[in-house]
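Where a number appears in this text, it was derived from the coordinates with a stated rule and is not lab data. Everything numeric in this text was worked out from a predicted model, so none of it was measured. Glycine also receives a Cβ, built like all others from the backbone with ideal geometry; neighbour counts cover every protein chain displayed.
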Amino acid sequence: MFSAFERFVAFRYLRARRQEGFISVTAWFSFLGIALGVAALIIVMSVMNGFRHELLHKIIGMNGHLAVYSNTGPLLDFDPLTDDVKKLRGITGANPIVEGQAMATAHENATGVIVHGMQPSDLGVRKSITDNFVMGNMTLFDRPNAAIIGKRLAEKLNLILGDKMTLVAPEGNATAFGTMPRTRTFEIAGVFDAGMFQYDSTFVFVPLPSAQKFFQLGDGVTGIEIFTENPENVDLYKGEIQALVQGKDVRVFDWQQANKDFFSTITVERNVMFIILTLIILVASFNVISTLIMLVKDKGRDIAILRTMGATQGMMMRVFFIAGSSIGALGAFVGALFGLLFSWNIDSIRKFVEFLSGADLFRAEIRFLSKLPARVDPYEVTLVVAIALLLTFLASLYPAWRASRLDPVEALRYE
């Protein structure tokens with residue numbers, strides 16, 4: 001496509017002599033601008049993808065992909081309904097659950113929590129809990145007063161394995177002396193670290209019968225949690241479940257409805273950041289235009305001499321197109337390499353910066369996750385590099401066209 005002569009002249013022009021130092025500086029700035037723009041775009045997109053993936057993984061790991069709730073009071077006769085749901089195509093599991101808010105107190109500390117009542121066999125297959133124990137295990141959970149809590153909740157209430165924790169229900173018991181608080185004491189049977197601040201600081205798991213008694217549900221539960229083969233396409237299973245419960249006074253709720261605003265916000269931020277950071281590459285491509293225009297002006301005499309020696313307009317256009325495209329291609333390659341290396345090691349870099357500065361750059365209570373995630377999407381990396389190359393190729397066309405249209409006679413006359 002390009003001859004050896006055209007490539008030689010183009011690369012020779014990029015290696016400016018001492019008196020052409022300013023052109024060399026602008027070329028370097030153009031290169032750095034494209035490289036930094038590509039790297040920043042890859043890093044930001046990887047972090048946003050990492051956030052979405054980690055949050056999705058944590059959310060669907062701790063909660064059901066779908067849930068069936070009663071519209072009026074406790075859900076009774078839930079066992080037959082649970083068995084029917086398990087028989088549906090694509091359903092990997094279903095279990096009754098009791099959910100409710102309470103206040104947890106211990107060692108003169110108090111905080112709000114979300115109580116989950118579950119059968120030990122159902123909680124035992126929840127890998128997000130059983131694979132992340134930092135203290136204790138599932139062996140003691142079958143006791144009526146057992147409780148499994150998150151690591152940050154344990155730190156907040158200063159609890160360790162075997163300590164006592166009191167739960168206070170939001171509704172009290174009516175007595176002859178007025179409404180008295182409804183409380184129950186539980187013993188810590190395990191502490192887990194799910195890696196998501198919201199769950200580690202608020203979730204309390206207790207045996208299902210204990211939760212039913214604590215919230216005065218009798219033989220009922222608050223709902224049925226359902227797990228599917230493909231939570232991303234939960235709508236495929238929702239219709240079948242709705243058909244199954246048709247005529248019953250219940251509603252079907254999926255994880256996308258529960259977290260719609262949260263994930264919509266992440267998507268909007270991701271798209272906005274993509275547009276903003278693409279502008280950085282666009283600005284850098286304008287620097288390529290200015291660099292090549294100055295190069296064409298400075299090399300006017302050389303262009304005229306080459307033209308008189310037989311170089312065609314097309315050859316001169318390709319020479320300067322190669323010069324501009326080389327800046328863009330090298331910048332895109334270096335930027336992509338730096339962006340990938342940074343993304344793959346971003347949490348280690350964050351820890352190193354925190355060690356040097358002494359500042360907390362990634363607070364879990366604000367970011368929800370305990371570590372800075374990054375997930376590189378090869379398609380997006382390819383797209384970013386392609387955009388950078390396209391912009392620099394387009395930016396090189398006008399200066400290259402000007403160089404090809406330069407009149408040799410006029411150029412030599414004014415030299």
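What separates the Cα centres of segment 223-254 and segment 331-348 is a distance of 42 Å.
Highest average first, the peptides 69-80, 41-52, 159-170 ordered by how many other beta carbon atoms sit within 10 Å of their residues are 41-52, 159-170, 69-80.
Given their separation in residues at 0.36 nm each and the Cα-Cα distance between them, LEU76 and PHE253 gain 61.9 nm when the chain is fully extended. Full extension of the segment from ASN145 to LEU32, taken as 0.36 nm per residue of separation minus the current Cα-Cα distance, would add 34.4 nm. Compactness of segment 73-248, taken as the C-alpha radius of gyration over 2.2 N^0.38 Å, stands at 1.10.
Neighbours of GLN256 by Cβ distance under 12 Å: Lys/Arg scored +1, Asp/Glu scored -1, total -2. Highest mean packing first, where packing is the average number of other Cβ atoms within 10 Å per residue, the peptides 188-196, 91-99, 377-385 line up as 188-196, 91-99, 377-385. Given their separation in residues at 0.36 nm each and the Cα-Cα distance between them, GLU229 and LEU390 gain 53.9 nm when the chain is fully extended. Listed cross-link partners LYS127/LYS213; LYS58/LYS260; LYS127/LYS151; LYS213/LYS238; LYS87/LYS248 are compared with a 23 Å cut-off, the Cα-Cα value being larger for LYS127/LYS213; LYS213/LYS238. Remark: spin-label model distance GLU108-THR382 equals 6.3 nm, labels positioned 7 Å along the Cα→Cβ axis.
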